[in-house]
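Scroll down for the structure; my scribbles are underneath it.
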Amino acid sequence: MCLLIGLIIFVYVSYRLYQHFFPTPDINPSGKYVLISGCDSGFGHGLAIELDKQGFNVFAGVLTANSKDSLSKSLSTRATIFQLDITREEDIEAAYQLVSNKTKVLHALVNNAGIGAGGYIDWISLQFIRRMMDVNFFGHVAMTKKFIPLLIAKRDSRVVNICSVAGYLTKPGMAAYSASKYALEAFSDALRREMAVWGLRVSIIEPGFMRTNIVEGHDKSLRSLWNGLNDDVKDRWGEEELNKQIGQVQDNIFMKKAEDPTKVVQALKHAVMNSVPRIRYRPGWQSSYIMFPISRGPAWLADILMIRPSLKGTLPAGLRTQLSE
């Protein structure tokens, strides 16, 4: 067994060294069109600027008019910026008409738009979960299905989906977010395998915590969620549990050590313009060296690591009346 593990490690290290010293070439971006959703900030914003600099014709979807004005100052005249809410069918149809009027061939669709929020399953509503799924999953499915005809007009086009470490490892309080990312991972795998005959490439990006808006403000969002709970749930958990959760968020080492988002932008850039894009990218040390190995280990070990913080300090108020046999 040790010999087998050693052989696997040797092969993996050799392969990564080969990739480093003999990288595959990039394609010529001239005349190629790329559509990116969620360009208001974060990864989408950075990618739109980077691909524009490389010479791509960028279609940048933004949610607000203010973002449109701001982004236009950073892009060339080749770029097209438009408002896009991927949960609205009419917005997706308008985007398709805009793109198809300019080109009949789309080199890449980058499904980047997303929202992030947490809360225990006992705290969040079905509406909360549905909203998360609408943006992080169904919106991307709708975009992909709509633009497939333009993508498969030529071989070697690609779909790039922004997932997360939460798409392969679920921590307490992130059920809705992880469910949306797990679903997008499954959709991406199925899409890649179904459309292989057309030469459509599908890449999945799985970053850990990065310094973007999506990792900020979790304490405020938890307080807002708590304030909307009914008295029965509040009595069951107790406000001290809320304060403990907020403290855990503030003390979370991975959030404190959130990484440079340009790592994700570079992974996205590679997926869009390299001649041999990878199936999965895990930019940063959190995803590659900590979260992914934990996810591959035994479930009981992941449970110990995930459950331990909740057993420290104050316990839920309702435990005092819980029956035991």
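What follows draws every value from the coordinates through simple rules; no lab data is involved. Here the structure is a predicted model, which is why all the values come from computation and not from measurement. With ideal geometry, Cβ positions are generated from the backbone for all residues, glycine too; neighbour counts draw on all protein chains shown.
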Scanning the range 163-184 residue by residue, those without any contact (Cβ under 8 Å) to a residue 24 or more places away in the chain and farther than 26 Å from Glu241 by Cα turn out to be Tyr182
Here is a list of conditions, (1) within 26 Å of the chain's Cα centre (by Cα); (2) exposed (fewer than 12 other Cβ atoms within 10 Å of the Cβ), and Trp285 meets all of them except one; can you say which number that is? (2)
Anything in the range 246-273 that is touching a Ser or Thr at 6+ places or on another chain (Cβ under 9 Å) and part of a helix (DSSP H, G or I)? List them, or say none. Gln248, Val264, Ala267, Leu268, His270, Ala271, Val272
Sort out which residues of the range 119-137 are touching a Lys or Arg at 6+ places or on another chain (Cβ under 9 Å) and either within 22 Å of His45 (Cβ to Cβ) or buried (at least 17 other Cβ atoms within 10 Å of the Cβ) (or both), and write them in order of number. Asn136, Phe137
Of the residues in the range 189-227, those that are at negative phi and in contact (Cβ under 8 Å) with a residue 24 or more places away in the chain number 26
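Identify all residues within the range 262-300 that are in contact with a helix residue (DSSP H, G or I) (Cβ under 6 Å, 6 or more places away or on another chain) and not charged (D, E, K, R); write none if there are none.
Within the range 262-300, the subset in contact with a helix residue (DSSP H, G or I) (Cβ under 6 Å, 6 or more places away or on another chain) is 264-265, 268-269, 277, 281-284, 286-287, 291, 294.
Val264, Val265, Leu268, Pro277, Tyr281, Pro283, Gly284, Gln286, Ser287, Met291, Ile294 - these are the residues of the range 262-300 that are in contact with a helix residue (DSSP H, G or I) (Cβ under 6 Å, 6 or more places away or on another chain) and not charged (D, E, K, R).
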In the range 75-95, how many residues are among the aromatic types (Phe, Trp, Tyr) and farther than 22 Å from Pro29 by Cβ? 0
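Can you tell me which residue in the range 207-245 is nearest to the chain's Cα centre (by Cα), limited to those that are aliphatic (A, V, I, L, M) and not in a helix (DSSP H, G or I)? Explain how you work it out, then say what you get.
At the first step, the residues of the range 207-245 found to be aliphatic (A, V, I, L, M) are 210, 214-215, 222, 225, 229, 233, 242.
Adding the requirement that they be not in a helix (DSSP H, G or I) leaves 210, 229.
Details: Met210: 11, Leu229: 28 Å.
It comes out as Met210.
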Checking the structure you have, find out if any residue of the range 40-60 is surrounded by 24 or more Cβ atoms within 10 Å (Cβ to Cβ) and farther than 22 Å from Asn274 by Cβ. no
Identity of the residue in the range 18-50, β-branched (Val, Ile, Thr) and in a loop (DSSP other than H, G, I, E, B), that ends up farthest from Thr64 (Cα to Cα): Thr24
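Please return the ranges of strands (runs of 3 or more DSSP E) entirely within the range 76-186 where 2 or more residues are among the aliphatic types (A, V, I, L, M).
Details: elements: 80-83, 108-111, 158-162.
Here the list reads 108-111, 158-162.
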Output for Cβ contacts, cut-off 8 Å, separation at least six or different chains, first residue on the phi < 0 side of the Ramachandran plot in the range 276-300, second basic (Lys, Arg) and not in a helix (DSSP H, G or I), reads Pro277/Arg158; Pro277/Arg201; Gln286/Lys257; Ser288/Arg282; Phe292/Arg282
Checking Asp69 against (1) surrounded by fewer than 14 Cβ atoms within 10 Å (Cβ to Cβ); (2) in contact with a Ser or Thr (Cβ under 6 Å, 6 or more places away or on another chain); (3) acidic (Asp, Glu), which single condition isn't satisfied? (2)
Per the filter on the range 56-75, residues farther than 29 Å from Trp198 by Cα and either assigned to a loop (DSSP other than H, G, I, E, B) or touching a residue at least 40 places away in the same chain (Cβ under 8 Å) (or both) are Leu63, Thr64, Lys73, Ser74, Leu75
